Amino acid sequence: MRSFVFSLLIFSLFPISLYARSVLLVLQDDLKDSPPDENPTDSTHNDSPEWDEFGDSDPHKSDEELDPGSWRPIFEPDLSSAEPGSESDAMYYSGVLKMVRAVSSGEELVMEEGAAEIEAAAASGHSHAQSVLGFLYGTGQMKEKNKGKAFMYHHFAAEGGNMQSKMSLAYTYFKQDMYEKAVKLYSELAEVAVNSFLISKDSPVIEPVRIHNGAEENKEALRKSRGEEDEDFQILEYQAQKGNAGAMYKIGLFYYFGLRGLRRDHKKALSWFLKAVEKGEPRAMELLGEIYARGAGVERNYTKAVEWLALASKQQLYSAYNGMGYLYVKGYGVEKKNYTKTEKTEDFSAKEYFEKAAENDEAGGHYNLGVMYFKGIGVKRDVKAACQYFLYAANAGQPKAFYQLAKMFHMGVGLKKDLVMATALYKLVAERGPWSSLSRWALEAYLKGDVGKALFLYSRMADLGYEVAQSNAAWILDKYGEQSLCMGESGLCTDAERHQRAHFLWWQASEQGNEHAALLIGDAYYYGRGTERDYERAADAYQHAKAQSNAQAMFNLGYMYEHGQGLPLDLHLAKRYYDQALVVDRNAKLPVTLALMSLWIRKNYADSFLVHFIDSLPEAYPKVEEWVENVLLEEGNATILTLFVCLITVLYLRERQRRQAVVVAAAAAAAAAAGDIPEPHRPDDHMEPVPN
């Protein structure tokens, strides 16, 4: 047994944004030996359902089957195959529709009617209505906020098969470090998510768009998400209409997955893919194979799926080999299952297809080989080899591989049992499940100016544990205020309800590593926004943001040390934090310079009228503070004006010192000329600001 270290840079599962960072996953352990199978080609083993159980997609299930109770019939009726069910089903969708309409228009009575219908359906045992009722109690919308009732209704809904309530419960356990319960739920959810992925290539990473980049709207990200109104899309469409096969394929891809702000439309996707294949585009052939295998917009036809994937693979599109291998493993569209070549034939076996893909650096090929070796499907079972294949695929960003590694950590098979690591990996995969469609619908509403609907959808998603949704919902509440049409316990939110909800959402986001959220939590406690003023808690929040190398948090901590607010008065530590802020962000040069000037005055003229005058400026001149707030767009920046006064004062004092030194030198020279040499002048040991 050999010890080794694998470093996995996980980029694909994180949004590319201001807060995104590559996550370094280091696995250091002895791979465990696995007992060899006596007969690796035993058909009884190969025909077991273990292939599906361990993470390969099941094309027989639609998104609605994978995510029962989804709001897809409301937001994507053209793609929905849901049929009218029971009376409680009708009441459930009627209630959701009324609430969606109410948050768009601010109609309190309609919201109340919708909530009443949801409650009535929940009382009849409707699990999806129970899930929504849990959401309403958890957020305090038309119900008094009650965490106990929220948990109870989510529990009932999860028992009834509602996947979104399972997400909410898993996140609740995750926050409380109850990993044994969290890992069980997240493993189920991750398996469902994997079943929604493509069979041949990696599904595009459809991350929720962060609609802000801190204090301002994220205009660049939003510009790229405007769908058919986006200039880049219009250029692409023009190129496609002129016969560019690559452009045709990209447009088809956008419609198939609902990328770049486009509403999903499988029929349009199929049309563009067919036009692209007429021009010989192999990637479109591959996606047509996927469409026919899944029956997305067409009747499912595995024979056609094999034909399209075979055409794509013949043009050296190596990801298509994964789809061919999958169909041979399942026996779909082919004469019989063919795991490994056991007789002379020109046809490839599943293993050979996967090997061909892996040889050409296709992560899916490595993943699929890992599954074969992990379960002994047509080969001798070898957990070590399987683990190495999974690690290689995960290093390339293959989400199915993360699922397999999570399972190995969870069960202690091949890797040392680690529930914390397993939970984190399962959560990453689970958040790519079909319920992530909420983010598309929320973004679409926001771009159309329907802020209330966007807030409602982001809030639902935040309840499932999505950090981006927590951040987006909190930002909408702070940015739009009353115009956010936030619904409270008995109608539109009061100012207190809105501030408290934003505070809660920012806090949740900060716990998941959002440094800007931690900074805003600190501001909330420092200024008493939505909560009581508490300098100690503000300092704790700033320390959390500072640990993530946030320059603003470092500056704030320096200021609090300088003034003894929530932290001991310590001018040396204050200077250290100011200096660190400048190291992290060179744009902080002006405020840091002013702050160091303030420190110099405080050190050399402690308890003087100058210090008292400077400290009293924000309170003594509220109109000036208001002007600074409006100009600089951030509350509390009157401090900058105060520090500017410090700078002017310091310059004046230092000029006065210089002049005094000249006078003393002249007096000394005169005394020397007269023969009376006095003791040399020794200036006070003043701490001067360090130049930057």
Condition check for Leu492: within 19 Å of Gly258 (Cα to Cα), open to solvent by 30 Å² or more (accessible area, probe 1.4 Å) and touching a helix residue (DSSP H, G or I) at 6+ places or on another chain (Cβ under 7 Å): no
Which numbered condition Ile199 fails, given (1) crowded, with 17+ Cβ neighbours inside 10 Å; (2) farther than 26 Å from Gly513 by Cα; (3) over 23 Å from the mean Cα position of the chain (by Cα); (4) modelled with pLDDT of 95 or more: (4)
Failed item, numbered, when Ala442 is tested on (1) surrounded by fewer than 24 Cβ atoms within 10 Å (Cβ to Cβ); (2) of a type outside the set (Ser, Thr, Tyr); (3) in a helix (DSSP H, G or I): (1)
Residue among Val631, Val584 that alone is modelled with pLDDT of 75 or more, hydrophobic (A, V, I, L, M, F, W, C) and open to solvent by 60 Å² or more (accessible area, probe 1.4 Å): Val584
Selection status of Leu573, under 18 Å from His544 (Cβ atoms) and among the hydrophobic types (A, V, I, L, M, F, W, C): yes
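For Gly449, state whether it is surrounded by fewer than 24 Cβ atoms within 10 Å (Cβ to Cβ), in a loop (DSSP other than H, G, I, E, B), without any contact (Cβ under 8 Å) to a residue 24 or more places away in the chain and not basic (Lys, Arg). Walk me through it before giving the result.
On the way: surrounded by fewer than 24 Cβ atoms within 10 Å (Cβ to Cβ): yes; in a loop (DSSP other than H, G, I, E, B): yes; without any contact (Cβ under 8 Å) to a residue 24 or more places away in the chain: yes; not basic (Lys, Arg): yes.
For Gly449, the condition - surrounded by fewer than 24 Cβ atoms within 10 Å (Cβ to Cβ), in a loop (DSSP other than H, G, I, E, B), without any contact (Cβ under 8 Å) to a residue 24 or more places away in the chain and not basic (Lys, Arg) - is met.
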Evaluation of Ala422 against (1) under 28 Å from Tyr318 (Cβ atoms); (2) more than 18 Å from the chain's Cα centre (by Cα); (3) aliphatic (A, V, I, L, M) (one fails), failing number: (1)
Verdict on Tyr292 being in a helix (DSSP H, G or I) and over 18 Å from Glu355 (Cα atoms): yes
Residue that is nearest to the chain's Cα centre (by Cα) [pool: residues in the stretch 466-489 that are surrounded by fewer than 16 Cβ atoms within 10 Å (Cβ to Cβ) and farther than 15 Å from Ser105 by Cβ]: Gly481
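Listed here are the residues, each with its yes/no results for (1) assigned by the TED database to the domain that holds Ala517; (2) under 30 Å from Tyr353 (Cα atoms); (3) open to solvent by less than 50 Å² (accessible area, probe 1.4 Å).
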{"residue": "Glu220", "(1), (2), (3)": "no, no, no"}
{"residue": "Gln239", "(1), (2), (3)": "no, no, no"}
{"residue": "Gly243", "(1), (2), (3)": "no, no, yes"}
{"residue": "Tyr249", "(1), (2), (3)": "no, yes, yes"}
{"residue": "Arg263", "(1), (2), (3)": "no, no, no"}
{"residue": "Leu288", "(1), (2), (3)": "no, yes, yes"}
{"residue": "Gly297", "(1), (2), (3)": "no, yes, yes"}
{"residue": "Leu309", "(1), (2), (3)": "no, yes, yes"}
Failed condition for Glu511, given (1) surrounded by 20 or more Cβ atoms within 10 Å (Cβ to Cβ); (2) touching a residue at least 60 places away in the same chain (Cβ under 8 Å): (1)
Among residues of the stretch 115-149, those that are within 21 Å of Asp67 (Cβ to Cβ) and either open to solvent by 60 Å² or more (accessible area, probe 1.4 Å) or touching a Leu at 6+ places or on another chain (Cβ under 8 Å) (or both), counted: 2
Filter result (crowded, with 20+ Cβ neighbours inside 10 Å and in a loop (DSSP other than H, G, I, E, B)) within the stretch 519-565: Gly530, Asn550
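Within the stretch 157-173, take every residue that is closer than 21 Å to Met91 by Cβ and crowded, with 19+ Cβ neighbours inside 10 Å and give me the one that is farthest from the chain's Cα centre (by Cα). Break it down into steps so the answer makes sense when it comes.
Within the stretch 157-173, the subset closer than 21 Å to Met91 by Cβ is 157-165.
Next cut, crowded, with 19+ Cβ neighbours inside 10 Å only: 157-158, 162-165.
Working: Ala157: 25, Ala158: 24, Asn162: 22, Met163: 19, Gln164: 17, Ser165: 19 Å.
Ranking the candidates gives Ala157 first.
The values are calculated or read from the model by the stated rules, or taken from the named source; none is laboratory data. In this text, all values refer to a predicted model and were calculated from it rather than measured experimentally. Heads up, the Cβs are rebuilt from the backbone with ideal geometry, glycines too, and the neighbour counts pull from every protein chain shown. Only protein heavy atoms, including side chains, enter the accessible area calculation; ligands, DNA and RNA are left aside. Shrake-Rupley method; radii C 1.70, N 1.55, O 1.52, S 1.80 Å.
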